[in-house]
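To start, the structure under review is shown below, and the notes come after it.
The values are calculated or read from the model by the stated rules, or taken from the named source; none is laboratory data. This structure is a prediction, so every number in the text was calculated from the model and none was measured. Note that we place each Cβ from the backbone using ideal geometry, even for glycine, and neighbour counts take in every protein chain shown.
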Amino acid sequence: MAVAAVALAVPPMAAAAPADVAADDGAKVISETWLDDRTVDLKIDSPALGTTGMVRLFVPTRWKSEPSRTWPQLWLLHGCCEPADYTSWDTFSNAKIFTADKDVIVVMPTDGYAGMYTKWLKGTPDWDTFHTTEVRQIVERGYRGGPERAAAGVSIGGYGAFAYAFKHPGMFRAVASFSGIPNTLNPGTAGVIKAILVRSGRLDFNDLWGGEFFNHAIWSANNPFDHLEDLRGTALYVSSGNGLQGPLDGPFAGDPLEVGALASSRTVTDRLKQLGIPVTVDFYGNGTHSWPYWQRELVRAWPVLANALGVKKRVVEAGWSDLALEGGDILTIGEAPHHCGAGTTAAGLRAGVPTVGVPVLADQPFWARRLVTLGASPAVVPMRKLTAAGLAARVAGALERLS
């Protein structure tokens, strides 16, 4: 006798929000929905917005097993005009998998369809207060977010990360802009912002900050480029493609938005260098305004963000032993990086694994350059120029070749 099986879809269960999870202005969690062991959606009744706003959190893997611990916060900010809204990083990237072993709580707040991470000149939305006061206080009071914070954003989210860093000194130890517009007054950028607002249904784009000429002081007050000195001491990362079809695009790809993002970003990095303010830059050439590149940039920016957050791994070299230490803060490795002598270079090629060469003397620089020519190494890192962040970025690039 045939038996028919019927599967019933069970929606996530919404648990009552903790009674004491509220911000100073009265913002509070009115709904808490756990989607799995690490993912929770919060609906916040927000005075700053005049309505409710959503936030998705990825809690650390050990969040429930270590209930007395606080965790550094990694804020991931989405771009404009995306129906996925606050779920964008979860929907379009591997951020959840990537952060599974990172010992950070990931905060992904809504910015609406095109909130611009700011207090609007006209109307109710005060996205700045919603994010930097209401969401922050709720995460820290109810979900054990610690005082160590970093933010990374895509497109206008990149603007938001830099804007929040200079408007709230010390709130974020590190910020990263992926294809962002950190200079809103760069020629042509104001027009792009207005087009974004019209696309979002805000036909009077002056509601944001007024006109960029008649209200120049307001635009300047919100423009990271005009306040770069206030970012001194904050770890900075800026990246962008050039809008041309790149290795992560389909056929016939091209993107004028990325052209504008590159122009805006380059003015900021050039000025930072003039001011003597350190910044890690990745203008990677061909690539469009799209998620495959931003997912890659999160990996590349991670050493900068992690160092600022104090999230570090203790590395134990096992070598040929069977030593294997477990723990969220411990990373057991096999062989240590080598200097590209002939023997170890040949061994790496035979094994078919990528190499990051750190040559010192004799024939090592020759073999290191030869590996790059053969495509078995992303770059040479001379010992005299070796830095932790630079080496980490090159290793991340090498690992991408295995994925």
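For segment 228-269, name all the residues that are surrounded by 15 or more Cβ atoms within 10 Å (Cβ to Cβ), charged (D, E, K, R) and not in a helix (DSSP H, G or I).
Passing the criteria: D249, D255.
Any idea which of A217, A151, A165 is touching a Gly at 6+ places or on another chain (Cβ under 8 Å) and not hydroxyl-bearing (S, T, Y)?
Criteria check complete, one pass: A151.
Scan segment 17-54 for residues that are over 23 Å from S65 (Cα atoms) and within 22 Å of the chain's Cα centre (by Cα) and jot them down.
G53, M54
Scanning for something under 18 Å from T51 (Cβ atoms), surrounded by fewer than 24 Cβ atoms within 10 Å (Cβ to Cβ) and either touching an Asp or Glu at 6+ places or on another chain (Cβ under 8 Å) or without any contact (Cβ under 8 Å) to a residue 12 or more places away in the chain (or both), does segment 128-135 turn up at least one residue?
yes
Return yes or no: is A114 touching a strand residue (DSSP E or B) at 6+ places or on another chain (Cβ under 8 Å), in contact (Cβ under 8 Å) with a residue 12 or more places away in the chain and of a type outside the set (D, E, K, R)?
no
Run E148 past the list (1) in contact with a Leu (Cβ under 7 Å, 6 or more places away or on another chain); (2) under 19 Å from S239 (Cα atoms); (3) not basic (K, R) and report the number of the one that doesn't hold.
(2)
Among the residues of segment 296-306, is there at least one that is touching a strand residue (DSSP E or B) at 6+ places or on another chain (Cβ under 7 Å), surrounded by 20 or more Cβ atoms within 10 Å (Cβ to Cβ) and among the charged types (D, E, K, R)?
Yes, because at least one residue in segment 296-306 is touching a strand residue (DSSP E or B) at 6+ places or on another chain (Cβ under 7 Å), surrounded by 20 or more Cβ atoms within 10 Å (Cβ to Cβ) and among the charged types (D, E, K, R).
Quick one: in segment 97-134, of everything that is in a helix (DSSP H, G or I) and over 20 Å from S155 (Cβ atoms), which residue is nearest to the chain's Cα centre (by Cα)?
I97
Looking only at segment 66-89, how many residues end up being crowded, with 20+ Cβ neighbours inside 10 Å and part of a helix (DSSP H, G or I)?
Within segment 66-89, residues that are crowded, with 20+ Cβ neighbours inside 10 Å and part of a helix (DSSP H, G or I) number 3.
In segment 147-155, is there at least one residue being surrounded by fewer than 18 Cβ atoms within 10 Å (Cβ to Cβ) and more than 23 Å from N223 (Cα to Cα)?
yes
List the number of the failed condition for T189; all other conditions in (1) crowded, with 22+ Cβ neighbours inside 10 Å; (2) under 30 Å from S68 (Cα atoms); (3) in contact (Cβ under 8 Å) with a residue 60 or more places away in the chain hold.
That leaves (2) as the condition not met.
I'd like the residue in segment 14-59 that is of a type in the set (A, V, I, L, M, F, W, C), within 23 Å of D103 (Cα to Cα) and out of contact with any Pro (no Cβ under 8 Å at 6 or more places or on another chain) and, out of all such residues, is modelled with the lowest pLDDT.
Going through the qualifying residues, I end up with V21.
Please find, among D207, D270, D255, D230, the residue that is of a type in the set (D, E), modelled with pLDDT under 95, farther than 25 Å from K122 by Cβ and more than 20 Å from the chain's Cα centre (by Cα).
D255
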